[in-house]
Every structure is written in structure tokens, then in C-alpha cells.
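Taking it in order: structure first as C-alpha cells, then the write-up.
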Number of protein chains: 2
Amino acid sequence: MPSPWGYRCTNGRCVKHLNTGVTGLVTLNQCKLTCGPFGVLWPRPQTASIGTEVVQFLPRNVALVSKVPEQVETLIKEAFDLFKDNLEKYHPYYVAGVGAPWSVPWEPSSATHTLQVVIKVRGLESYLTLQTDESYQLQLVTVGQVTTATISAQNFFGARHGLETILQLVDYHEICDTLMVVTSASIYDSPVFKYRGLLLDTSRNFFSIASIKRTIDAMSANKLNTFHWHLTDSHSFPLYLKSLPNMAYYGAYSSRQIYHPKEVKEVVQYGRVRGIRVLPEFDAPAHVGNGWQWTEQQGLGKLALCVNREPWQSYCVEPPCGQLNLANPNIYLVLGQIYQEIAKLFTPLDLFHYGGDEVNLNCWNTTTEMTSWMKFNNRNLSADDYYRQWSVFQEKSRQLLTSANNDVEVPGIVWTSHLTEKGRVDQYLNNTQYIIQIWSTGEDPLIAELLNKNYQVIFSNYDAWYLDCGVGAWVGAGHNWCSPYKGWQKVYDNNPHDIALNLTGSAHKDLILGGEAALWSEQVDEASLDAKVWPRGAALAERLWSNPLTDWSEAEHRFIHQRQRLLQRGVLPERIQPEWCHQNEGLCYI
Amino acid sequence: MPSPWGYRCTNGRCVKHLNTGVTGLVTLNQCKLTCGPFGVLWPRPQTASIGTEVVQFLPRNVALVSKVPEQVETLIKEAFDLFKDNLEKYHPYYVAGVGAPWSVPWEPSSATHTLQVVIKVRGLESYLTLQTDESYQLQLVTVGQVTTATISAQNFFGARHGLETILQLVDYHEICDTLMVVTSASIYDSPVFKYRGLLLDTSRNFFSIASIKRTIDAMSANKLNTFHWHLTDSHSFPLYLKSLPNMAYYGAYSSRQIYHPKEVKEVVQYGRVRGIRVLPEFDAPAHVGNGWQWTEQQGLGKLALCVNREPWQSYCVEPPCGQLNLANPNIYLVLGQIYQEIAKLFTPLDLFHYGGDEVNLNCWNTTTEMTSWMKFNNRNLSADDYYRQWSVFQEKSRQLLTSANNDVEVPGIVWTSHLTEKGRVDQYLNNTQYIIQIWSTGEDPLIAELLNKNYQVIFSNYDAWYLDCGVGAWVGAGHNWCSPYKGWQKVYDNNPHDIALNLTGSAHKDLILGGEAALWSEQVDEASLDAKVWPRGAALAERLWSNPLTDWSEAEHRFIHQRQRLLQRGVLPERIQPEWCHQNEGLCYI
């Protein structure tokens, strides 16, 4: 029995009506595809003109016309295969690996209508850099039994984004059990920010490769472009290194919770096809610990200090503690090997994250190895002496990484830390070599100092973009440190240009590379990963891709729809509203 | 390669050691089974004595000796089949519907050791009531190649709890790829509270039958005993009624989001085998709306008022509005039919929830049907007049339900509401007929009044037991109304007896039937259901089953283990701490 309800687009929103005696009503999905200036596109493109008609088709009648250089042909084909899979996923009874049980359409033309995708690309780029032009143009035209969608882009990455946009001009037709696509559209699109990231911490808790891939796929559906992999920390060392197998042997939570080189390479390639850079972070000199317990018995001496030392409150910000032993030169031997392997796994490297946050001076200053070495080298034991030594460590790390990367220097990212504090940053970090990732609040005056000193920055201010906030504490009672929870509205409204303007009087569009939401994993593992990241990650994505002048309230209807799309795409996102709000646009207001 | 780490129980906690040269180390799982007075039992039994040894076995060598009346034989067998399935689930590579790939044990005795379960039951009870004795005794003894676990209980429900407890004396042996069970134990156990519930709201968002069953199964692993099904509300009407098919036709979110009678009956039976009462709530006279739009065209007149009326703020607490039309006697016709069907689906009914919360007088008082009817019946339009009329409605509802239930009267539960406010409750609700479910805070003086007037109560005070709190708002920005998030510590420490003692000077153990956590579903659907409920639902369960004098901190190690067990059991619970804390008991302290 067909639904008693139908929809009509009125003043940019889909209004529900009883079907009886009312003409021109369509299904909710059909109404949403063509209602409002941006339909249900997410993130919002720069400009869009979308027709008001749709035509039905089946996913088997989709064809690719590829006008691209031979060198990117394979990437394009892989992306188009994903596109076809994603069309199948719109079916409510889609089963992964099996497909969808499309019935025979009752209207013959639906069975034969073709969606032809033409992709035009000139450039040869096959991996993302901060210079990659991700823009694209998309035209949809329908003539007779063929809808042609033409994507023109500078390179593969722009073209891939175009395919995602076509997917958003398509939806499932509830009554006819077919897909439908808008018959005409004209879109120009380009991201405002070059760097649009999501951090996943795989040390506090482990995440399977399957869950990482699922996350990357959902990122690609939102045109995010950087999966920042916080590989290791003091809690565990899940990365298997061929030259240093003891790191994972001693440091992984179990033999089932290890990333093997083949798997890491797979993730990097999985990301590339989806327009996503997989950026490794190897955090040092703090945030190390478990995994480093084997070095003494192997004759290298103690490379990590304060590992699991108690009481933890004296030596680190959370249990367990650990910090590299700068007094032992063998750390550079081991660090060099780690970088060698990372450079081979995350190839080609275009950015690297050194971590570099939350060094605890009391750890070093209460460890004889360090204090006697400092004295032997004619240093005092003041904070500034330690910072200087830390910066020496940082410089050596940079050289080791460059050497590991076949002497190709890549920009390094570091967290804001003691080294970037007021008046200190330019002593220790060169603004041509380092990008600073800001994790303090959006009101931190340090942001102004960094921008005024011409540092390129990435925003991850915790008061908006830390996705782990707002649950119970994990040491003691009460709530976790960065509570309360950051609702999607807060995530959406966090505009880096506005923050800069507010603090410095300039939007600093040249220096702000973009932003990143962070999922630190003290209190999440893959069981609830999806709900922590999605759909809030989509709110981040529109802020970074489109950076609209408007706030969350303009985006709400499209956002709720994008949440549903992510569910179809295979993740388990949090629900934002009752389904009634989705079916009655604009009525869940305050 | 075996892990370099091993464990030893020291002062009631499992301490991690490097394996080299240390004797007597065991795996983490083995250590936890036998360390501390309660091992990893959850909820904590009344008394337990657990041996320090384990013996390995394979789940295929498990046998049942059933000494029970014929009438409960089938239930016992079904519960034992579940027990065997749950043993399989301990394997890290268990696949639902397939089982686990056990390897051939390297130690021959592990391949043949038998776990024999003897179940002794006298009583014939086959469904839960508030009088059911859920206690049980459990003895484990090992002689030679056989471990015998003897459960003695008054009835099936106690015996079933005993099987859950045996499961918690078993765990997976990482090194040997077998199960292991403690060789000896002696446990007496009985719940402190009779009513231990979880509410799921399936109206704001829809939850599949599969997700409901998954929730019930996880409840059974925690010895909770009541799944309170908030079936309908103003947002949607997902229950298919044979005599009133229009309710779901007009009121369900889609034809795929409907509970069919066969499915509901399946859920009731699914619960019974797991020791869980499935308690229906049909909320009225407020919290109705969508689904009632067909009555006028069928000649019954308007049965629901203010349905989706705007601005919603004037007529209800959240969009969309709706309230029954007490002026139209046909509501009793329809309500009677609804109750008839509910009584047949949730059979045998031992409790019924009438809802009865959040009536908005302005809705009635701005509706001509109601106001003219009130005047015609010589009533004023004062609040008290409306309350009196509401109580008439409630009394008629009670009579209709009793009649639908073959004239068998069952206790009715109602929410605290205007009818239960200061000085009012005994005018409107008889304390021999109604149980009051408290959803205000744990400091509400109303609680004292209800107890002093001898009402039986169930605690669901929102400041501890509302699981939906602590996310972004869904109308407007900011956070949702009952923020912040209730961490597991808060859930655990909410002791109804202490609340009563604090407010009245008496613990009122006779009147406090128990408690219930509520998952209102404005901002959750089945995608993130598990993480909202678990493991916090387990914290609730120990409070209600054991009601320990101690607080969360004593329970922390067992709680973290129970979270892992729920994961193995098939739900996706939130993670509470880094896995490091699980592997290093007691070191994530403050």
C-alpha cells in the first residue's frame, strides 16, 4: 500500500501533505533532491543550479566515458567502480558484497534510461599535496533516454569529488524501487581550505583496519582529504616494524591488535582512491612508553624514561607515562629506523606529523640519566635548557625523516606545545619547515602570535573540534577533561578565518591551511567509533570545504539528510533528531 | 610468539609482569577469573567463594542434567542452548550463526574435560511477576575430568540467572585456544530489587526487531529483568494493529518501520527465555499524535487534538504536539481495541504502563471540542477541572485494560505527572492499583510524599538514569535538556534506598520496587543504540541487583571486564577507558 503522505517543495523546504486529492506530490527523497538552492548536496558547492525534474534509472545502466591521461586511468576506473557500488547502497535492502535486489521497474523507460558519466582530466597528479587543485565542474544534461553527467577537473582528485557530487544528485525512489537522478544541473566547486582532516588515535585503544577503512570511506563522502593517523602513544605501540619487531611485540595490546605493513599500505592506497591523504604521526619525544621496554636487554640502554612510572600525575598528563631519553644517542638510531619504515609505508610522503606535545619536564628532571647528561653537557636544569634540548631533538628528527624520505624534505606538522608558547616558537621551529596544529581554544592569543609570525597553521581547537569530549571521566568520577560534548552546531560554526580575524584583525587566508577534528581514543574503540565521528565529521567537512558565511541553521536540513546518506554508505552515525523532523522539514525549530 | 607479559593476582588485582624468569604468571583472563572476592562476576552476587584454579575445556564438552518439572523443561533447554552459544562467543574469531574455529588443544586433557551443568528447579513459574523469586545457588566442583556446576533455584528464572553466572566463571584462554572454568566455587545470589528495567522509546526513532533483541540479550547478561517498551508517542505509531491498521499506516515513519504482531510476540518470547518481562507502554492521554489522523474520515470524529499543531511551544513539550480528545467518547472505543491487541501480544500481561506524563492543558484549553464539552458538563476550565477529567480518563482506561485482559487486573504504572504533584496524587490514583515511576531528580520532595502515602515506586530519576542526556540540542543550538551526560559512575551510585532514606528517614525497602534507565530516542536510533545503553546499563544492573554499600570505585575492574564481555556477547558498547587500564588494573586512578 503506498504511503498516504506526499511532499511538495514550498519556499525551499519539503512540506508533507496527505496524498488524497492533492496533485503534484512526490516522495520525500524526490522532493529533497530538487528543493532549495543546494538540494541535498553536502558539503555545499561554491555554486549550483539544480533542475526541478528527476528521471528514474537502474544502477546497471551507468557508463563511464573517460577522457583522462593514461597515467590516471586506473585511479579513475577504481573511483568509478566505487561510484557504482555507492549507487547500489541507496537500496534499503542492499547487502555488502552482494548488492541490491532491484525489482523490474513497472515503467519500461526506467529500465533502460542511462546515466553516462564523462570525466575530463588533464593533470597527471596521483597523490595529494598542499598544492593539489581539487576543484571540478559538473554538468548534468538529459536528452531522451540518456542523462549525461560531465565532470571537468584539473586532476584525478577534483574528478573524484565530482563523482561524489553526482551521487548526491541521485537517490532511491521509494515507490518505484529504482534510482532517480536530477535531469539537469550545473555546479562549480572548489574547497576553501587545502587541509581537511580527521585524526584517529590508535594507541589508547586499537581500531581494526576494517574500521579505519570505513572511516576513510565516510570521509570521502564528505570531501575531507586527510586521515591523520596518530599511530602510537605511551599506551600501546600497534605498528609492526620489520626492523624493530620488538616495538609491537612488547607494545601492542595483543597479537591481534597490530597493524602489519601490508595492511598499512592497503590503507594508504584505499585513501588515495578516495581522495584522501593518509598522514602518519609518530608522536615524540613525549607520548611514548609501552613498546620501548626491550631496548636495555638488547644493549641499546634505556631509550624511554618514566614508562608506566607512578604516581603518574607527577610525570605525565594521563596514565601511563613515558618520554624519550634524550641522553641516549641510540634513540636516533631507532628513530631513524622507525622513520625509514614509515616513509616506505606511507608513500609518497607529502606531509609528516612529529607530534611534539605535552612534554613533562619533571619526568626528565627526576631521571638521573637525563640530569647527569645535562650537567655533563654544561646545561642547567632549567625549563629553557630542557626546551633547547628538546628542539635539538626535533631538528635531528627532521634530518632523520628527510634522510629516510630519500632526502626529499616534506613539511612537518607539530602540535602547539611548550615549544610554541609565547615568545618561544621562532627560537625553536622554523616557519618554512613546520606547520603548527592548534589544539588550544579558539580564543587562545597564541593563535595571533603564530599567524603574525607567519606560521602556517591547522585548526583543531578542542572547544569545537575534539570529538571525544562530553562523557564520564576515565580517571576518577565526574566528566572528562574537555567536556561538555561538542554538538554538530558547535563543530559547524567553528570558522578558522573568523577566529583569526577576531584575534588579529586579518582572516589570514594564506596561512590557515585548514582544520581537523580529533578523536582521541581513551574512551572509544571501534565499537562506537562511527557515532563519535559521524555525522559531526560532516559538519566539519562543510565548514572546511565551503566555509559558508551562514551558520548551522541554514545547513540543518541538508545535514540531517547527509546523516542518512552516511548510514546508507555503511557507517553507524549518531542520530541528531527524531525522524519526524527529517520528514517535516523546518518544524523542529526553537 | 606468546606474549612477553603475564599476570599475577596481588592484593585483589591482576598485576602485569614481564614473563622472563618469573614463575606462576598466567594470562590476564585467567588471573581475572580468580582474583578478588568476586572475580569478574557482574552483577556482584550476594555471597561468593571462588577457587584459585581453572581447568580448560572445549564448549562441545558441555552437558546438561535437568532436574526440573516437565512444564519448564522446554524453557530450561532453550536457556541451556543459549548458554552454549554464549560459550562459543568467547572465542575471538566467533562468527554469528557459524560458531568459533576452535583448534585442537595441545594438551589432551583439555580436549576431553567436561563441564556438566545440573539444574534443579521445583517451581512451575513460566513468566515473571513482581512475586517471582529470582534467587539461585550455584556450586562448582571438579573431580577428575569433570567439573560439575549445580544450580538450585525456586524456578526457571533463578536457574537462568545461574547459567549467566557460570558464564562469568568461564573465559577464553589466549595461549591454549580453549575455554577455562574455575574448578570450584560456591555462590548464593538473589536480587535486592524486584524490578530492574530499561526503557526504549521506539516512537521518536524506530528500532528494528533485531536491535531490540540484541538489547534484550545484553540485558539478560546483566540480570536485568524488564524491557519497558515505550511503543508509541506523538512522533510516530510503529505498532501494527489488526483491528486498527490505519494507526500504523498513517503513523509509521515508513512501511519498513512497523512492528508486526508476529514480531512483537517473538520479542516477548525472546525476553522470557532470557528472564526478561517485556512491558508495554501505551502512553496517553498526551504523547499521542501521528497515526491518529484517519479517525475523522472514518466517522469517529477527531480523537486526537493539537496533532502537529504550531507553534508547538504553546501546546506540548517538544515537536510534534498531540493529545487525546477527552470530549469524544469514541476514544474509549479505539483505546479498548488497542488494549485488546496489546493484551494479546504481550501475554500473559503481569504489568502495564499507562504513560500519563506531560499533559499540556493549553492544548485542551484552546480547543473548542474540549472547552465546549467541559462547559456542557458543568465543569470550569481550571487546571483542577482538567485534571479531574484526566483522572476520569485514567479510570476508564484501567477498566478497559482489565476488560481486555480477560478481567484480570494487573498493576498499572504511570509516570510522575501533574496528577502526582504535591497534595494531588491520592485524589486521582489509588495506591493499590498504581505504581508510580519517578522521573524527576533524586532530590525531588515529591518522592517523600509518594512513599509516605504508601505508593509503590520505580526510580528513573533523570539526573542519573536518563541515558540520552549530554549531546547537542535537537531544537536550536546548545545542549539537550537533561545535559550533562550521565557517566557510568553516576549511574552506578544512584541508590534508591539512600535517596528514600535521605528524603524520608526510611529506606522504604517495601515500597521501592526498583529502577529503570530510560533511553528516550529523539537523538538515537539503532545505529548508536548499543553505545548509549552499554555499558552504562550494566552499572544500573549491579545497583539494582546487588545494591552494594560501596560505590563505583570498588566495581571498576569488574565493570571494565563486563564491558568487554558485552562486546563478545554481540553488542557495541562504549569504551570506558584505554585498554591499557584493563591490562593494568588499578593504575588509572586519580
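When A:Asp81 is tested against (1) out of contact with any helix residue (DSSP H, G or I) (no Cβ under 8 Å at 6 or more places or on another chain); (2) part of a loop (DSSP other than H, G, I, E, B); (3) loosely packed, with under 13 Cβ neighbours inside 10 Å, only condition (2) is not met. Within the range A:488-522, restricting attention to residues that are buried (at least 24 other Cβ atoms within 10 Å of the Cβ) and without any contact (Cβ under 8 Å) to a residue 60 or more places away in the chain, the residue that is nearest to A:Leu130 (Cα to Cα) is A:Ile499.
Based on what the data block shows, is B:Trp488 within 22 Å of the chain's Cα centre (by Cα) and either within 14 Å of another protein chain (Cβ to nearest Cβ) or modelled with pLDDT under 95 (or both)? The answer is yes for B:Trp488. Of the set (1) within 14 Å of another protein chain (Cβ to nearest Cβ); (2) more than 30 Å from B:Lys490 (Cα to Cα), all apply to A:Ile499 but (1).
Here is the figure for the range B:1-27: residues that are within 13 Å of another protein chain (Cβ to nearest Cβ) and more than 19 Å from B:His173 (Cβ to Cβ) total 4. Scoring A:Ala100 on the criteria (1) among the hydrophobic types (A, V, I, L, M, F, W, C); (2) under 30 Å from the mean Cα position of the chain (by Cα); (3) closer than 23 Å to A:Ile151 by Cβ leaves a single failure, condition (3). When B:Arg204 is tested against (1) touching a Pro at 6+ places or on another chain (Cβ under 7 Å); (2) more than 14 Å from chain A (Cβ to nearest Cβ), exactly one condition is not met: (2). Return yes or no: is B:Gly442 within 24 Å of B:Asp525 (Cα to Cα) and either touching a helix residue (DSSP H, G or I) at 6+ places or on another chain (Cβ under 8 Å) or surrounded by fewer than 19 Cβ atoms within 10 Å (Cβ to Cβ) (or both)? Against the criterion (within 24 Å of B:Asp525 (Cα to Cα) and either touching a helix residue (DSSP H, G or I) at 6+ places or on another chain (Cβ under 8 Å) or surrounded by fewer than 19 Cβ atoms within 10 Å (Cβ to Cβ) (or both)), B:Gly442 does not qualify. On the stretch given as the range B:540-560, residues that are within 10 Å of chain A (Cβ to nearest Cβ) and of a type in the set (Gly, Ala, Ser) total 1. Out of the residues in the range B:1-26 that are within 18 Å of B:Glu556 (Cα to Cα) and free of Cβ contacts under 8 Å to residues at least 60 places away in the same chain, which is surrounded by the most Cβ atoms within 10 Å (Cβ to Cβ)? So, considering only residues that are within 18 Å of B:Glu556 (Cα to Cα) and free of Cβ contacts under 8 Å to residues at least 60 places away in the same chain, the one surrounded by the most Cβ atoms within 10 Å (Cβ to Cβ) is B:Cys9. If you check B:Ser203, B:Ser126, B:Ser211 for being assigned by TED's automatic domain parsing to the domain that holds B:Pro348 and assigned to a loop (DSSP other than H, G, I, E, B), only one passes: B:Ser203.
Remark: A:Trp474 matches the filter, which requires a residue to be under 25 Å from A:Tyr315 (Cα atoms), surrounded by 16 or more Cβ atoms within 10 Å (Cβ to Cβ) and among the aromatic types (Phe, Trp, Tyr). Of all residues in the range B:561-590, those satisfying the criterion of being more than 10 Å from chain A (Cβ to nearest Cβ) and either more than 23 Å from the chain's Cα centre (by Cα) or of a type in the set (Val, Ile, Thr) (or both) are B:Glu585, B:Gly586.
Condition first: under 30 Å from B:Tyr240 (Cβ atoms), within 14 Å of another protein chain (Cβ to nearest Cβ) and assigned to a loop (DSSP other than H, G, I, E, B). Can you find one or more residues in the range A:28-49 that meet it? Scanning the range A:28-49 turns up no residue that is under 30 Å from B:Tyr240 (Cβ atoms), within 14 Å of another protein chain (Cβ to nearest Cβ) and assigned to a loop (DSSP other than H, G, I, E, B).
Please verify whether A:Gly476 is over 24 Å from B:Tyr466 (Cβ atoms) and either within 7 Å of chain B (Cβ to nearest Cβ) or touching a residue at least 24 places away in the same chain (Cβ under 8 Å) (or both), treating the condition exactly as stated. Here the answer is no, as A:Gly476 does not meet what is asked. Cβ-Cβ contacts under 7 Å between residues 6 or more apart (or on different chains), taken from a first residue in the range A:286-305 that is within 13 Å of chain B (Cβ to nearest Cβ) to a second residue that is basic (Lys, Arg), are listed as A:Glu296/A:Lys302.
Here is the figure for the range A:312-357: residues that are more than 14 Å from chain B (Cβ to nearest Cβ), assigned to a helix (DSSP H, G or I) and of a type outside the set (Val, Ile, Thr) total 12. Quick one: is B:Arg277 in the same structural domain as B:Phe346 (by TED's automatic domain parsing) and within 23 Å of B:Ile413 (Cα to Cα)? It is true that B:Arg277 is in the same structural domain as B:Phe346 (by TED's automatic domain parsing) and within 23 Å of B:Ile413 (Cα to Cα). Take the conditions (1) under 20 Å from A:Val143 (Cα atoms); (2) buried (at least 21 other Cβ atoms within 10 Å of the Cβ); (3) touching a residue at least 60 places away in the same chain (Cβ under 8 Å); (4) more than 30 Å from the chain's Cα centre (by Cα); A:Gln56 misses just one of them, which is (2). Among the residues making up the range B:214-246, those that are within 13 Å of chain A (Cβ to nearest Cβ) and assigned to a loop (DSSP other than H, G, I, E, B) are B:Thr232, B:Asp233, B:Ser234, B:His235, B:Ser236, B:Phe237, B:Pro238, B:Tyr240. Taken as a whole, the condition of being without any contact (Cβ under 8 Å) to a residue 24 or more places away in the chain and touching a Leu at 6+ places or on another chain (Cβ under 6 Å) does not apply to B:Ile447. Can you tell me which residue is surrounded by the fewest Cβ atoms within 10 Å (Cβ to Cβ) among those in the range B:568-583 that are out of contact with any Phe, Trp or Tyr (no Cβ under 6 Å at 6 or more places or on another chain) and charged (D, E, K, R)? Taking the candidates together, the pick is B:Arg569. Applying the set (1) within 13 Å of chain A (Cβ to nearest Cβ); (2) touching a His at 6+ places or on another chain (Cβ under 8 Å) to B:Tyr249 leaves exactly one unmet item: (2).
The requirement of being within 24 Å of A:Ser208 (Cα to Cα), at pLDDT 95 or above and assigned to a helix (DSSP H, G or I) is fulfilled nowhere in the range A:284-305; no residue meets it.
The values are calculated or read from the model by the stated rules, or taken from the named source; none is laboratory data. Note that the structure is predicted; figures quoted are calculated from it, not measured. Don't worry about glycine lacking a Cβ; one is built from the backbone with ideal geometry, like all the others, and counts go over all protein chains shown.
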